[in-house]
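The values are calculated or read from the model by the stated rules, or taken from the named source; none is laboratory data. Not measured: the values here are computed from a predicted model. Cβ sites come from the backbone with ideal geometry, for glycine too, and all protein chains shown count toward neighbours.
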Amino acid sequence: MTFSALADELAEWNARGLKRERRLLESPQSAHVTVDGRRYVAFCSNDYLGLANDPRLIAAAQAGLARYGVGAGASHLVLGHAEPHARLERALADLTGLPRALLFSTGFMANIGAITALAGRSDAIFADRLNHASLNDACLLSRARFIRYPHRDVRALEERLATTRARRRLIVTDGVFSMDGDIAPLAALVALAERYDAWLYVDDAHGFGVIGDEGRGVLSDARISSNRLIYMATLGKAAGVFGAFVAGEAALIELLMHKAHTYVYTTAAPPLLAAATLKSLEVMQSDRWRRERLYELIRMLQAGPLPARWRLMPSHTAIQPLLIGDNGEAVSVAARLAERGLLVPAIRPPTVPHGSARLRISLSAAHAPRDVAMLIDALNDIASQ
């Protein structure tokens, strides 16, 4: 393939309204940001609790920096596993109520590493059709049989489980679906895992810190426990820092330490980030008002009124998708909101199915009610024109 062919492919993406552009953030992450020299209210961050720029986390990172330096210098299994990493893994296990936890540098790496370590050619993975791309990539890389079922369709999943002869069975699902904002039927999925001798792998990137008692995540909210659960969550969204972890039974974590390539063969994240995340876990549990405010803002947006021509998809989470449909119209509405000082991303295929382009409104405890009121007014004004 020549470079001209690549240019043609890019031109085709542009013609289909799928071209992406990066904005330059010139301020700390917050509900109010400076981007490309202009101030905006941002409804496009996953900083759901407003902790990314919290002074307490900054102070903890500075103390970690002073004691441990900038880089980890080695993989966890060689010489990169520092004392803050060990304390953070214990704290995450305690918070989630699972026996052990293992840190990964990113959520993408956690999913790739864990799933490819657990499933192979003789196995089968059953995945929700709207799972995150990292889960889909992990399933394909595992070389297991990749069987997808319709979104949240427990009956269809059971039909597929009942006919498999795979050696090992793994059900894989988002906890909170990142583009729809709805939640997996976890109690029913656990029941199926137990009935059909399977594991249930839950990616709770968008639920951890926000949902459940003290932000313990979707497992806590669903009131489920099982030794068949494998739990992954990220630390760069509600927790406000960086990284991810997988939690579960001790034997599972020990296996991942030996077999997950994205753990074994990568340099550990800087210890200062683990120090900051330890402080974040404290704040997540003590600052209950952050989740309370977030859910007040969710209710305020849903009460609207919002334009009848666009539909706010059903979600009780910080992710509030406004379904537009057409790619071009979604991009146009996002651009007109930006002209009013409001940043809301237009999400288009292949991230979402064709014909379901949307505005992905992300709310944060750092927003004020006037920010949400401004967004509602702007959407109605744009729709009327």
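When you scan region 97-138, how many residues do you find that are out of contact with any Ser or Thr (no Cβ under 8 Å at 6 or more places or on another chain), among the hydroxyl-bearing types (Ser, Thr, Tyr) and in contact (Cβ under 8 Å) with a residue 60 or more places away in the chain? Within region 97-138, residues that are out of contact with any Ser or Thr (no Cβ under 8 Å at 6 or more places or on another chain), among the hydroxyl-bearing types (Ser, Thr, Tyr) and in contact (Cβ under 8 Å) with a residue 60 or more places away in the chain number 1. A Cβ distance below 9 Å, combined with a sequence gap of six or more or placement on separate chains, defines the contacts here; from region 26-52, residues that are farther than 17 Å from Leu297 by Cβ and without any contact (Cβ under 8 Å) to a residue 24 or more places away in the chain reach residues that are assigned to a loop (DSSP other than H, G, I, E, B) and among the small types (Gly, Ala, Ser) in the pairs Glu26/Gly37; Thr34/Ser27.
Here is the figure for region 148-183: residues that are farther than 28 Å from Arg360 by Cβ, touching a Lys or Arg at 6+ places or on another chain (Cβ under 7 Å) and not in a helix (DSSP H, G or I) total 1. Within the set Val264, Val241, the sole residue that is among the β-branched types (Val, Ile, Thr), touching a residue at least 60 places away in the same chain (Cβ under 8 Å), touching a His at 6+ places or on another chain (Cβ under 8 Å) and not assigned by TED's automatic domain parsing to the domain that holds Ser30 turns out to be Val264. Can you work out which of the residues in region 25-52 that are among the small types (Gly, Ala, Ser) and not in a strand (DSSP E or B) is surrounded by the most Cβ atoms within 10 Å (Cβ to Cβ)? Step by step, filter region 25-52, then rank; the result is Ala52. Of all residues in region 199-216, those satisfying the criterion of being outside any loop (DSSP other than H, G, I, E, B), surrounded by 24 or more Cβ atoms within 10 Å (Cβ to Cβ) and not acidic (Asp, Glu) are Leu200, Tyr201, Val202, Gly215.
Residue by residue, here is whether (1) at pLDDT below 95; (2) aromatic (Phe, Trp, Tyr); (3) over 23 Å from the mean Cα position of the chain (by Cα) holds:
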position: Gln302; (1), (2), (3): no, no, no
position: Gln320; (1), (2), (3): no, no, no
position: Ile324; (1), (2), (3): no, no, no
position: Arg336; (1), (2), (3): no, no, yes
position: Arg340; (1), (2), (3): no, no, yes
position: Thr351; (1), (2), (3): yes, no, no
position: Ser356; (1), (2), (3): yes, no, no
position: Arg360; (1), (2), (3): no, no, no
position: Ile376; (1), (2), (3): no, no, yes
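The condition of being over 20 Å from the mean Cα position of the chain (by Cα) and assigned to a helix (DSSP H, G or I) holds for only one of Leu192, Leu140, Leu219, Leu135, that being Leu192.
Remark: Pro99 matches the filter, which requires a residue to be closer than 21 Å to Leu229 by Cβ and assigned by TED's automatic domain parsing to the domain that holds Val210. Take Gly73 and decide whether it is under 27 Å from Leu294 (Cβ atoms) and of a type in the set (Gly, Ala, Ser). Here the answer is no, as Gly73 does not meet what is asked.
Scanning region 155-168 for residues that are surrounded by fewer than 15 Cβ atoms within 10 Å (Cβ to Cβ) and of a type outside the set (Gly, Ala, Ser) turns up Arg155, Glu159, Thr163, Arg165, Arg167. Has region 173-187 got at least one residue that is of a type in the set (S, T, N, Q), more than 19 Å from Phe108 (Cα to Cα) and outside the structural domain of Leu294 (by TED's automatic domain parsing)? No, that holds for no residue.
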